[in-house]
Amino acid sequence: MMRIFVCIAVAMLSVASAEELPTFREYVKKFGKNFRGDEYTRRERIYKNNLVEIQQHNKLYDQGKVSYKMGVNKFTATDAKEMKTRFGFNKKMAQHTSKLGKKLEEDGFNMLPVDQLPKKVDWREEGIVTAVKDQGHCGSCWAFSTTAVLESHVAKDSGLLFDLSPQQIASCAPNPEQCGGTGGCEGATYDVSFGYAASITNQDAGTGLYQEFQYAYNSYYGQDYTCQTVDEPVAGITGYTTLATNNYTELMNAVAQSGPVAVVVDASKWGAYDGGIFDGCEGDEHPDINHGVVIVGYGSCRIHGDYWIIRNSWSPEWGEKGYIRLRRSNNDDENCGMDITPQDGTACAGDDTPQRVCGSCGVLFNSVIPNGAYAYATDEDGRKP
């Protein structure tokens, strides 16, 4: 009953605020934009065009014909080309798993039928999820989603919740095969990021993952930085597990039993999302996998059905305090399309082969969880896990 009430309350709140949208002048002031001259005129035109789409969509929402609301946010004066900098999977070879990665069936996982799993899971309620961050104008979503998952699994296994450094992953993870891009703000894949996290973890050498205050995020405005040497790591992992591609049962089990899961999606239509259960990707024949995010749970709403709870890296001002509820269905394995631009997602340099992706916005395509997460402790003998 409580879950139903929460869904209804969110919907009522969104409808109440749907009519009042700011003018462009109000928007510029609210979001601290510094547009001048021709730039001001261009941004105003983009804003007004997007405002029309938002207003038309929200009329349908008010009428109960769609399950999510659109709204004005810091992206409303941004065009589709610019939004691509907010993603971070600019791919070119099919997915591969490094020697540090393995499949879920190799992990001794107790796979249960979906109907035997909890009806609702939200790892935020367990105190193992940090505050939502903002990747800015850098295509570093792959680093942000990786660190978010690492934070949660380290906390789950050790009881210590760290704010780990996305900049360390973005600047230091090698990507010689150019998988998902060239690294840094140009994108990469989870094999690159989780493989790096596992490969550097060495208690004897005193290497591992650092906190954000130790290794600050400087790439907000899109600039790449070389890898730096930092002392006193706080956490590490021994490896990672890649779930079966396009497998709903595996993903549900991983979220329910293991913890938050790193996934990739087509977020091309997410920019104006403001609340509710997003189903704006439904019916797309050619989803474009381009963004890394984190599933922190799932649930159901009596009115609009089942959903994933997904953490994004576009700041807490976006969506539902930085989160989006994405349509979920027991037949997501069959809700598929062909990504005909694999260079924009998880492929490596030289591979243009179209990829079959399933689930709402392709959410089932590529999912990863870490293995052997731990925190370093400090005693008279030094730092050790």
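The values are calculated or read from the model by the stated rules, or taken from the named source; none is laboratory data. What you are looking at is a predicted structure, and each value in this text was computed from that prediction instead of being measured. Cβ sites come from the backbone with ideal geometry, for glycine too, and all protein chains shown count toward neighbours.
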*Determine, yes or no, whether residue 161 is part of a loop (DSSP other than H, G, I, E, B) and in the same structural domain as residue 117 (by TED's automatic domain parsing).*
yes
*Could you list, in sequence order, all residues of the range 215-237 that are of a type outside the set (Val, Ile, Thr), surrounded by 18 or more Cβ atoms within 10 Å (Cβ to Cβ) and part of a loop (DSSP other than H, G, I, E, B)?*
215, 217, 219, 233
*Hey, does the range 181-190 have a residue that's modelled with pLDDT of 95 or more, at positive phi and under 17 Å from the mean Cα position of the chain (by Cα)?*
no
*Scan the range 257-292 for residues that are part of a helix (DSSP H, G or I) and touching a helix residue (DSSP H, G or I) at 6+ places or on another chain (Cβ under 9 Å) and jot them down.*
258
